[in-house]
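Contents: one structure, followed by commentary.
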Amino acid sequence: MVTITGAAYPSSHRDVEEPMGLLHDMSESQLEPEEPEGPRMTRLRGILDKSLEETLKACNYDAIKECFPIVATANPEELHSAHEKVCLFLRGEVNYEFGQIIEQRNIIFKLNSLDRLIANAKNKGLSAGSRTILDLAPDVAVRARSVPIKEAEIERLKAELERVQLDNRRIGSALAHSKAEQTATKLELLESYNEFQEGSNIASHMAVDDMDELLDATLDHIHDP
């Protein structure tokens, strides 16, 4: 029991449980063998202890003195004793509640099952002569898990490349056809230019009267073919 300034508080829930209930719980626990704590359960308890210590640091004696300055001055021994009992009470309550959660939810068995599952997976991987994800370094494991995604991305890029190449071939064919048309047009223009040049050369050596007669004959031929 914890007593502070005349008030009494139970040090834990176990102080208020019925004796017969305790005997009943003890008889049941004796009938069932306790599950030994595995690595994960041990780490979980370590986390709880660390969290509890950090919480109790906030409830240090200096903070209590600031809350009760008169008692700290008049009777520091009593305040110091009360502080220790409060910390003991809080520690007992937290551990009790944590133990209840572990028991009610069968945490030890579940964490141990996870430990066994992981150990079996590692053993199977080693017996098969292969390395499991758990045996790899974190960066290597991450890359290994991302391989299927990268392979799918590579396949998508390959399909995209094939589509682009097909479009390029189509564009190349269109360009080749356009180039052929341009070449034919150039030949026609060159032929017309040569004919015009030849006509100009002939006209430059003809007399004016002969040119007039040729033009008249050409016009007559056009009007009356």
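Points worth noting:
- Screening Glu93 against (1) surrounded by 12 or more Cβ atoms within 10 Å (Cβ to Cβ); (2) free of Cβ contacts under 8 Å to residues at least 24 places away in the same chain; (3) among the charged types (D, E, K, R) leaves a single unmet condition, (2).
- Residue in region 102-112 that is part of a helix (DSSP H, G or I), at pLDDT 80 or above and exposed (fewer than 12 other Cβ atoms within 10 Å of the Cβ) present: yes
- Selection count where residues are surrounded by 12 or more Cβ atoms within 10 Å (Cβ to Cβ) and assigned to a helix (DSSP H, G or I), scope region 70-83: 9
- Some residue of region 81-88 being at pLDDT 90 or above and either of a type in the set (D, E, K, R) or outside the structural domain of Ala119 (by TED's automatic domain parsing) (or both): yes
- Any hit, region 189-210, residues being surrounded by 11 or more Cβ atoms within 10 Å (Cβ to Cβ), at pLDDT 75 or above and of a type outside the set (Ser, Thr, Tyr): no
The values are calculated or read from the model by the stated rules, or taken from the named source; none is laboratory data. Note that this is a predicted model, so its numbers are computed, not measured. We place every Cβ from the backbone using ideal geometry, glycine too, and count neighbours over all the protein chains shown.
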